[in-house]
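Enquirer: What follows is a structure written as structure tokens; I'll ask about it next.
The values are calculated or read from the model by the stated rules, or taken from the named source; none is laboratory data. Note that the structure is a prediction, hence the values are computed from the model and not measured. Every residue, glycine as well, gets a Cβ built from its backbone with ideal geometry; the counts of neighbours run over all protein chains shown.
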Amino acid sequence: MTLPDLAAVGLEFVVDGPVATITLNRPEVRNAQTPAMWLALAEIGAQIPDDVRVVVVTGVGPTFSAGLDRAMLDPATDATESVIGLLSLSDEEMSASIEAFQRGFTFLRDPRFVSIAAVRGYAVGAGFQLALSCDLRIVADDAQFSMKESALGLVPDLTGTKPLVESVGSAEALEICATARMVGAQEAVSIGLANKAVPADDLDAAVAELAAAPAAPMVDVVSETKTLLQGAADRDLDEQRRLEREAQVRRFRALAAAFAG
């Protein structure tokens with residue numbers, strides 16, 4: 001499988017040893033997103049090398065992502081490139097198209113690696129959902145999150161609803177979505193939406209320091225841990241502790257093999 005022309009859709013993808021970085025690069029429109037970008041993100045996700053342990057998602061310039069490119073709502077935009085083009089499809093076809101878009105977000109939950117969103121400035125709508133798709137969110141002190149879909153008469157459909165509820169609870173999530181209000185960096189940390197807020201000038205260093213940690217342990221340790229944690233809330237204790245035992249047996253065997261080698 002060959003990656004599409006990433007520059008044409010406003011993306012960069014760089015792999016440096018165990019760390020891969022995906023960068024939104026459309027600063028002229030505050031890294032606004034398009035369906036073509038979402039499909040390209042899905043292609044990137046399908047081709048991340050197995051030895052990558054950390055994936056960082058960031059944006060060029062002072063804004064992480066202003067959300068959907070409003071040009072995609074313009075009837076004059078090529079129907080094959082726009083969200084408006086969905087209206088010409090049947091319900092089943094429209095749902096299938098949205099599912100394809102969602103794959104540009106779901107790959108960030110892959111247990112093979114830890115995903116980190118490095119958020120500066122605005123993360124709005126699709127930008128908010130992209131950040132929510134990551135396991136961890138490190139934000140600059142000027143970060144502003146907003147789920148703007150309700151203001152457009154839409155619902156969040158790029159996989160952001162589940163991690164939002166998991167992060168802040170259903171009542172807080174409903175209030176954030178229904179009001180489409182801005183959530184600043186300090187509030188984001190206080191309600192569990194972000195892991196840490198740092199001065200904007202320190203964001204890159206803070207993300208690099210965090211990325212170094214999961215890249216350091218023995219191969220598969222972080223993957224096993226992420227897999228255990230991802231479904232823990234939906235399992236009963238007996239099922240969770242069974243999975244812990246099975247994972248630990250695999251770890252002991254791996255350690256024994258490493259020492260023997």
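Enquirer: Against the definition (closer than 30 Å to residue 209 by Cβ, in a loop (DSSP other than H, G, I, E, B) and not hydrophobic (A, V, I, L, M, F, W, C)), how does residue 106 come out, yes or no? Quick ask: steps written out before the conclusion?
Expert: On the way: closer than 30 Å to residue 209 by Cβ: yes; in a loop (DSSP other than H, G, I, E, B): no; not hydrophobic (A, V, I, L, M, F, W, C): yes.
Considered against the rule, which asks whether it is closer than 30 Å to residue 209 by Cβ, in a loop (DSSP other than H, G, I, E, B) and not hydrophobic (A, V, I, L, M, F, W, C), residue 106 comes out as no.
Enquirer: Kindly indicate which of 158, 174, 255 is modelled with pLDDT of 95 or more and either assigned to a helix (DSSP H, G or I) or among the aromatic types (Phe, Trp, Tyr) (or both).
Expert: Result: 174 is the single residue among 158, 174, 255 that is modelled with pLDDT of 95 or more and either assigned to a helix (DSSP H, G or I) or among the aromatic types (Phe, Trp, Tyr) (or both).
Enquirer: Applying the selection to the stretch 55-94, what residues are without any contact (Cβ under 8 Å) to a residue 12 or more places away in the chain, part of a loop (DSSP other than H, G, I, E, B) and hydroxyl-bearing (Ser, Thr, Tyr)?
Expert: 77, 80, 90
Enquirer: Also, quick follow-up: From the set of residues in the stretch 71-94 that are surrounded by 13 or more Cβ atoms within 10 Å (Cβ to Cβ) and polar (S, T, N, Q), which is modelled with the lowest pLDDT?
Expert: Among those that are surrounded by 13 or more Cβ atoms within 10 Å (Cβ to Cβ) and polar (S, T, N, Q), it is 77.
Enquirer: Residue 199 passes all but one of (1) within 28 Å of residue 19 (Cβ to Cβ); (2) within 20 Å of the chain's Cα centre (by Cα); which number fails?
Expert: Exception for residue 199: condition (2).
Enquirer: For residue 219, which of the numbered conditions (1) surrounded by 12 or more Cβ atoms within 10 Å (Cβ to Cβ); (2) part of a helix (DSSP H, G or I) fails to hold?
Expert: (2)
Enquirer: Follow-up question, since we're still on this one. Would you check if there is a residue in the stretch 100-115 being within 24 Å of residue 186 (Cα to Cα), modelled with pLDDT of 95 or more and either surrounded by 17 or more Cβ atoms within 10 Å (Cβ to Cβ) or polar (S, T, N, Q) (or both)?
Expert: yes
Enquirer: Could you run through the stretch 123-150 and say how many residues are over 9 Å from the mean Cα position of the chain (by Cα), farther than 16 Å from residue 38 by Cβ and surrounded by fewer than 24 Cβ atoms within 10 Å (Cβ to Cβ)?
Expert: 7
Enquirer: Mind listing whichever residues of the stretch 233-243 are at pLDDT 95 or above and assigned to a helix (DSSP H, G or I)?
Expert: Applying the first criterion (at pLDDT 95 or above) to the stretch 233-243 yields 235-243.
Within the stretch 233-243, 237, 238, 239, 240, 241, 242, 243 meet the criteria.
Enquirer: Looking at the stretch 37-54, is at least one residue hydrophobic (A, V, I, L, M, F, W, C), crowded, with 17+ Cβ neighbours inside 10 Å, free of Cβ contacts under 8 Å to residues at least 40 places away in the same chain and farther than 30 Å from residue 225 by Cα?
Expert: Within the stretch 37-54, not a single residue is hydrophobic (A, V, I, L, M, F, W, C), crowded, with 17+ Cβ neighbours inside 10 Å, free of Cβ contacts under 8 Å to residues at least 40 places away in the same chain and farther than 30 Å from residue 225 by Cα.
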